[in-house]
1. Answer with yes or no whether Leu154 is within 18 Å of Ala83 (Cβ to Cβ) and either assigned by TED's automatic domain parsing to the domain that holds Lys201 or hydrophobic (A, V, I, L, M, F, W, C) (or both).
2. Does region 120-150 hold any residues that are in contact with a Gly (Cβ under 7 Å, 6 or more places away or on another chain), surrounded by fewer than 19 Cβ atoms within 10 Å (Cβ to Cβ) and touching a residue at least 60 places away in the same chain (Cβ under 8 Å), and which are they?
3. So Ala234 ticks every box in (1) more than 18 Å from the chain's Cα centre (by Cα); (2) under 17 Å from Met126 (Cα atoms) but one. Which box is left unticked?
4. Being of a type in the set (A, V, I, L, M, F, W, C) and either surrounded by fewer than 19 Cβ atoms within 10 Å (Cβ to Cβ) or at positive phi (or both) narrows it down to one of Leu91, Leu117, so name that one.
5. Between a first residue in region 165-189 that is closer than 30 Å to Pro18 by Cβ and basic (Lys, Arg) and a second residue that is modelled with pLDDT of 95 or more and buried (at least 16 other Cβ atoms within 10 Å of the Cβ), which pairs have beta carbons less than 8 Å apart while being 6 or more apart in sequence or on different chains?
6. Do we find a residue being under 24 Å from Leu290 (Cβ atoms), touching a helix residue (DSSP H, G or I) at 6+ places or on another chain (Cβ under 8 Å) and of a type outside the set (A, V, I, L, M, F, W, C) anywhere in region 149-168?
7. Could you check how many residues of region 40-82 are among the hydroxyl-bearing types (Ser, Thr, Tyr) and either touching a Pro at 6+ places or on another chain (Cβ under 8 Å) or surrounded by 16 or more Cβ atoms within 10 Å (Cβ to Cβ) (or both)?
8. Please state which of the following conditions Asn189 fails to meet, knowing it meets all the rest: (1) at pLDDT 95 or above; (2) in the same structural domain as Val30 (by TED's automatic domain parsing).
Amino acid sequence: MVIGVAYVTLYLPNVGPPENIKVTLTPQRVARGRYLFNDVMICGDCHSRHDWSKPIGPTSPENYASGGDIFDAGDGFPGKIQAPNITPFNLKNWTDGEIFRALTTGERKDGSAMFSLMPWPNYAKMDREDLYAVIAYLRTIPTVATPKYLKRQLDFPDNILVNTKPQKASLGHMPSISDTIAYGAYLINIAGCNGCHSLRKYGNDIPGLQYAGGLAFNLGSQTQYAANITPDKATGIGNWTSAAFVQFFKSHTDSARKANPKATIAPSAMPTYDYSEMKVSDLKAIYAYLKSIKPVNHRINNL
């Protein structure tokens with residue numbers, strides 16, 4: 001037992017050295033990376049602080065990607081965790097290979113393990129070119145200087161088990177956009193929808209409840225539960241049309257909210273505002289994929 005703990009603590013993670021790569025910053029790559037980072041992967045949602053006293057818990061452009069909210073036991077986390085600053089202020093000494101390794105394996109520059117709040121297992125299935133695009137965009141975002149953020153504090157045994165999580169990546173390929181369901185599956189994976197809409201135990205999805213909702217989020221005085229987004233007609237989105245699915249997101253764009261300034265938006269853990277700028281064709285592909293999966297009867301009650 002002692003030997004096992006020592007091995008896990010001292011010798012893991014060990015996914016191998018970072019690749020010796022240098023990502024060329026072309027306009028096309030930066031544009032693709034901007035879209036993925038902001039509108040699909042919504043990296044800024046975790047890596048920026050939110051003002052939960054306001055509807056939709058907005059982030060400020062001044063602190064964008066400079067470090068996120070603190071997650072603790074009140075949010076169901078085993079300790080205290082904070083998403084770090086990922087502007088060039090913090091990443092300037094990281095090589096492209098080190099960023100690539102972190103995104104796809106869960107191992108940081110210093111060899112330590114990331115907590116599973118960072119959805120690197122999803123990114124490990126991304127197309128290499130899309131990963132290069134994200135790295136290119138990261139190199140271009142404004143630098144925001146911040147003091148050192150909270151050092152991760154994990155409870156036992158998670159403080160040991162976290163070292164066993166990083167794994168070598170098995171990269172995927174972006175399907176043809178014309179293969180709507182496969183392309184939707186690719187998008188929903190990198191959007192990390194399963195991370196909120198699937199109940200989990202010990203960091204893994206509970207079999208049979210993928211995308212069936214139920215994960216709790218504490219929003220100040222409110223507790224909100226992630227929705228069932230399987231195609232179950234009684235408890236999921238089985239009665240939604242593709243147009244209604246798209247409109248759900250597009251009703252939260254800046255232009256839509258400005259056109260209807262009197263509309264009230266309740267505080268929500270669902271980052272609809274971030275996803276609202278996703279391409280209509282991409283939202284339709286995600287809808288097509290969700291309609292293709294097994295329906296799960298799992299009622300979620302949000303007051």
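The values are calculated or read from the model by the stated rules, or taken from the named source; none is laboratory data. Here the structure is a predicted model, which is why all the values come from computation and not from measurement. When we count neighbours, we look across all protein chains shown, and the Cβ atoms used for this are built from the backbone with ideal geometry, even at glycine.
1. For Leu154, the condition - within 18 Å of Ala83 (Cβ to Cβ) and either assigned by TED's automatic domain parsing to the domain that holds Lys201 or hydrophobic (A, V, I, L, M, F, W, C) (or both) - is met.
2. Matches in region 120-150: Lys125, Thr146, Tyr149.
3. The single condition Ala234 does not satisfy is (2).
4. So the residue among Leu91, Leu117 that is of a type in the set (A, V, I, L, M, F, W, C) and either surrounded by fewer than 19 Cβ atoms within 10 Å (Cβ to Cβ) or at positive phi (or both) is Leu117.
5. Close Cβ pairs satisfying both conditions: Lys165/Gly106; Lys168/Thr105.
6. no
7. Going through region 40-82 one residue at a time, the tally reaches 4.
8. (2)
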